[in-house]
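*Asks:* Attaching a single structure in structure tokens format; questions to follow.
The values are calculated or read from the model by the stated rules, or taken from the named source; none is laboratory data. Since the structure is predicted, the reported quantities are computational estimates derived from the model, not experimental observations. Cβ: placed from backbone, ideal geometry, glycine included. Neighbour counts: every protein chain shown. The accessibility values were calculated without ligands, DNA or RNA, using every heavy atom of the protein model including side chains. Shrake-Rupley method; radii C 1.70, N 1.55, O 1.52, S 1.80 Å.
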Amino acid sequence: MEQKHTISVLVENHAGVLSRVAGLFSRRGFNIDSLAVGETRNPEISRITIVVNGDDYTVDQVSKQLNKLVDVIKIKILVDNEFVGRELLLLKVKASAKQRAEIIQLVDIFRANIVDVSKDTITVEISADQDKIKAITGLLEPFGILETVRTGLVAIQRGVECVE
Amino acid sequence: MKMNGAQAVVTILEKHGTDVIFGYPGTAISPFYDELLKSSIKHILVRYEQGAVHAASGYAKTTDKVGVCVATSGPGATNLITGIATAYMDSVPIVAITGQVLSSQLGKDVFQEADITGATAPFCKHNYLVKDVSKLPKIINEAFILASTGRPGPVLIDIPMDILKGEVDYVDEFIFNIPGYQYQFLLNNEKIIKACEAINKAKKPLIIAGGGIISSGSKEILHKISKEFSIPVTYTLMAKGCLDDTYDLNLGMLGSHGTIAANKAVSQCDVLLVAGGRVGDRSMSNSSGVYSKKTVIHIDIDPAEMGKNISVDIGLHGDAKEILNAIYGKLKIVKRDKWFEDKKPVEKLDSKFVISKGCVDPKDVLTCIASLSDSDAIYTTEVGQNQIWAANLIELLTSNKFVTSGGMGTMGYGLPASVGCKVGNQDKQVIAIEGDGSLQMSLQELGTIMQEGLDIKIVLFNNSSLGMVRELQTLKYDKRYSGVCLKSNPDFIKLFSSYGFAGSRLTNKENIEEQVKKMLSYKGTYLLECVVDEDNPTIYR
Ligand SMILES: Cc1ncc(C[n+]2csc(CCOP(=O)(O)OP(=O)(O)O)c2C)c(N)n1
Ligand SMILES: [Mg+2]
């Protein structure tokens, strides 16, 4: 059954690692939903969070093939509901003086932040799971969204379990 | 000790026992070639960089050493790609070294710059673009370990010219530490016990031997298991020579070009032990259905192969030799009724084709060569009908070696590979089985053979066509022949003679034995051109 899977990958922080990982996905026909990279506390190690769409066979192959990359140190397939996952959204919406209050109210309800205001626009920042991001985008749509930018999902296991 | 980068590379090659490298020079790699003059490492100048990788592959497959090849930046490097991909598919340990433009010029599309690490990433076990000369010794050392351990494969190191010239403080001590790379695996005893229980209970157990049997040196233990516990064996193309072909429990090659006995056994067995093979699509005649009704045990050094092509009940991850030894200790002698068919001996195989006048039957030639050649002769093949004829019609002993491009099916592999085989085994007979199409893809390597004074027996099946593709068009495209005719072949005997090689043409069954004897006793490279009917089929049943 096709389903979303979230995978945490620790890699050596070498040049070219990201292209190797991304290349492997396209080459083997795996569909990446999102990908987020950043350094860990150890600057020599980066952590990549990948969301991939596929059945159990695909995820098994993704993790085994990733494991074969010499730069890949560790892989963990996160179990649904046992991790906290967040994406960051920046959203620029049209906002005349008249509409501003209404937008600010929505932003407050979502516990989002306003990071930029101009004569005609408001830029909203929210870190949330995908559902919430969809919801706020949907509610702001009628005002006229000019642009959105999203990061890939980053995820961390609940409780004492760690990937590192 | 202070030295330049190139010197450090040469020093580490020597340290890893490299005595010969195959290569082609150019500006960017020149500092390395200059250092090479001071070393005892022999350089073999090929005629095309692809040939350097194939030669390194033939060398590696027949010497238990890592094959090393070298090329310059840009076109030199890109010419390696097919060779690297071929080695990758067949898990051959190769270190490929390429020169690169100055590090300060990288990414600027300067003369002869090519992103070779980017281009070869899909076909390399690992690759490096060296940007810091102080890391160069560690990288070269790592490359050898990566190439030769675990599932072997090609590793490429791209070295900018300034790095080759740069100074490094060389310390002759290496710690191999790649946190994400392991190559020694603990055996999983529980799973081994489970596997042995399944085999002991089986009424119809079968072993499929893959290329891993050859590369892990498991021929002997495979034979012991098969013989003592009466388990028949079939093999993939990459494992030809894993058992004597005349051994009674050897059912021959499996798959679309394999024996009837092997394919029947695969579909009828109840426990299937796949040892050191990925069971590629050419090996399974029926992928999904056949394997679901039996217990499949899979031994592989590469966990990614488990469950990739066939579903596996018990996966045994690790070195095939170690695991087979562990299994051997736990198997029981069980009385079983004979459940499999014997393989038809080669002399009884028939293509049901009437050989035209002026042509010979590949079977007659190959059986004659097999019976008259040395018991430790090394065979190389090209791709096409010639490859399948060689695989099916030459009866090998375990002391023989069979060198072929399996996973990639690369035409033009066999001739340069034979160069590597001969260079690594000067005292052995090397017999290159050729097709007229394939030979012409690497024809230039005749120059290498000449320059090195090598003695290679070249058996050319000249059917004036790309026979295997032609046959496909006969069977599947209603004889609409498109782009498969090689009617304007050169006179190969004359061509070879211009390189100083002897040769003769076989057009008649009566002359086969005499000509084969002549070839085998001749000192030096010899071409035996066998004229074959373009309609001669691939399969003999
Ligand atoms: C580099 C490459 N190009 C194309 C093919 C496709 N191909 C497979 S077999 C074959 C014909 C080989 O002709 P020849 O070497 O004369 O062998 P024959 O089948 O006639 O024995 C071709 C073109 C290939 N395997 N490799
Ligand atoms: Mg041909």
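*Asks:* At pLDDT 95 or above, surrounded by 24 or more Cβ atoms within 10 Å (Cβ to Cβ) and under 23 Å from residue B:167 (Cβ atoms): which single residue out of B:6, B:56, B:71, B:52 fits that description?
*Replies:* From the options B:6, B:56, B:71, B:52, the qualifying one is B:6.
*Asks:* Hey, among A:62, A:107, which residue is within 14 Å of chain B (Cβ to nearest Cβ), surrounded by 14 or more Cβ atoms within 10 Å (Cβ to Cβ), among the hydrophobic types (A, V, I, L, M, F, W, C) and assigned to a helix (DSSP H, G or I)?
*Replies:* The match here is A:62.
*Asks:* A further question on this structure: Under the condition of being away from every other protein chain (no Cβ under 14 Å) and out of contact with any Pro (no Cβ under 8 Å at 6 or more places or on another chain), which residue from segment B:84-98 is nearest to ligand 1 (Cβ to nearest atom)?
*Replies:* Only one residue fits best here, namely B:86.
*Asks:* Now for a different question. Would you mind finding the one in B:487, B:476 that is modelled with pLDDT under 95 and within 16 Å of ligand 1 (Cβ to nearest atom)?
*Replies:* B:487
*Asks:* Specify the residue that is nearest to the chain's Cα centre (by Cα); the eligible residues are those in segment A:65-78 that are in a helix (DSSP H, G or I) and touching a residue at least 24 places away in the same chain (Cβ under 8 Å).
*Replies:* Out of the qualifying residues, it is A:66.
*Asks:* Checking the conditions here, which among B:200, B:177 is polar (S, T, N, Q) and not in a loop (DSSP other than H, G, I, E, B)?
*Replies:* B:200
*Asks:* Just a yes or no: is a residue in segment B:455-468 over 18 Å from the mean Cα position of the chain (by Cα), surrounded by fewer than 22 Cβ atoms within 10 Å (Cβ to Cβ) and closer than 24 Å to residue B:503 by Cα?
*Replies:* Yes: one or more hits.
*Asks:* Filter the strands (runs of 3 or more DSSP E) completely within segment B:387-466 down to those with at least 1 residues that are touching a residue at least 24 places away in the same chain (Cβ under 8 Å) and near ligand 1 (Cβ under 10 Å from one of its atoms).
*Replies:* B:430-435, B:457-462
*Asks:* Out of (1) more than 16 Å from ligand 1 (Cβ to nearest atom); (2) in a helix (DSSP H, G or I); (3) touching a residue at least 24 places away in the same chain (Cβ under 8 Å), the odd one out for residue B:523 is which?
*Replies:* Going through the list (1) more than 16 Å from ligand 1 (Cβ to nearest atom); (2) in a helix (DSSP H, G or I); (3) touching a residue at least 24 places away in the same chain (Cβ under 8 Å), residue B:523 breaks only (2).
*Asks:* Just give me the residues in segment B:521-541 being in contact with a Leu (Cβ under 8 Å, 6 or more places away or on another chain) and at pLDDT 95 or above, in sequence order.
*Replies:* B:525, B:527, B:528, B:529, B:530, B:531, B:540
Table: residues versus (1) open to solvent by less than 40 Å² (accessible area, probe 1.4 Å); (2) closer than 20 Å to residue B:303 by Cβ.
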| site | (1), (2) |
| --- | --- |
| B:82 | no, no |
| B:86 | yes, no |
| B:133 | yes, no |
| B:146 | yes, yes |
| B:150 | yes, yes |
| B:156 | yes, no |
| B:179 | no, yes |
